[in-house]
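Visitor: Next up is a structure, given as C-alpha cells.
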Amino acid sequence: MISKVASEQVPRDLLLLADPEWSLVEQYLADADCYGYQQDEQLVGVVVLIWLAEGVREIKNIAVDPAYQHRGIAKALLATAIQQCQQDPACHEVQIGTGNSSLRQLSIYQHAGFELFDVWVDFFVDNYPEPIFEDGLQCKSMVRLRMTTDTDKEETTNVANG
C-alpha cells in the first residue's frame, strides 16, 4: 500500500540506497513530499518529490529495500509520483535524474514515458566525495529525463503501469 509519509518517518538507510550522500539528501528532504510503500508492517519503499521550478517537479529519490526489490514496488512508486504530478494543476512537467551507470533505472523510466533531455557531465564526480560504481561501471554523469503532465492523464498513467 502506498501513502504519503512524513520525511522524518523514512528510514535514512532506505534513502541512502538511491543517493549515497546524506548531506545532499538532507537538503532536498526538508521541502519534499514523500510517498511510502508499506508491506509486512514496515516502510520498504519510498519516492521523494520536490518542486524544481515553477510548474516543474522532480523525483529526487526512489528506493526499495533490497529484500523487496524486483517485485514491482519501484514501478508502483514511480506511477504514484507521476499521478501526483498529473493531478496537481500547478505541475506541467516531472523530471528525474539517474546515473549513466543505472541501466535498469533508465529502462524503467523510459518505459514509463520519460524522455531523455540532458546529461550533466561529471555530476557525480564533482558532487560526491567517493566514486560510485554500479555493475562494474563508474557512475560519473547524471542522465536527465522528463515527462509532460499536461497530456491525457489516463494514457500516461497506463504507460507508467505497463
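Read-outs: derived from the displayed coordinates by stated rules, not from any lab. In this text the structure is predicted, and so the values were computed from the model without any measurement. As a convention, Cβ positions derive from the backbone with ideal geometry for all residues, glycine included, and neighbour counts pool all protein chains shown.
Visitor: In debye, nearest 20: dipole of the range 2-161 around its Cα centre with unit charges on the Cβ of K, R (+) and D, E (-)? All intermediate terms of the calculation are to be shown ahead of the outcome.
Guide: Details: 11 positive and 25 negative charges, 63 e Å.
Dipole about the Cα centre, nearest 20: 300 debye.
Visitor: Next up: Using the number of other C-beta atoms within 10 angstrom as an exposure proxy, rank 123, 114, 133 with the fewest first.
Guide: In order of increasing Cβ crowding within 10 Å: 133, 123, 114.
Visitor: For the range 102-138 and the range 1-79, compute the distance between their C-alpha centroids and round to whole Å.
Guide: One Cα centre to the other: 17 Å.
Visitor: Taking the Cβ of each residue in 62, 108 as the centre, tally the other Cβ atoms inside 10 Å and list the residues starting with the fewest.
Guide: Arranged by neighbour count, lowest to highest, 62, 108 become 108, 62.
Visitor: Please state the relative contact order of the chain as a whole percent: Cα pairs under 8 Å, 6+ residues apart?
Guide: 19 percent
Visitor: Here is a follow-up. Could you check what % of the DSSP bridge pairs in the range 2-161 are antiparallel, to the nearest 5?
Guide: Working: 34 of 38 bridges.
Rounded to the nearest five, the antiparallel share is 90 percent.
Visitor: Subtract the Cα-Cα distance of residue 110 and residue 90 from 0.36 nm times their separation in residues, and report this length gain in nm to one decimal.
Guide: Contour length minus the Cα-Cα distance gives 4.8 nm.
Visitor: In which sequence would 147, 142, 1 go, from the one with the fewest C-beta neighbours within 10 Å to the one with the most?
Guide: Fewest-to-most Cβ neighbours within 10 Å comes out as 1, 142, 147.
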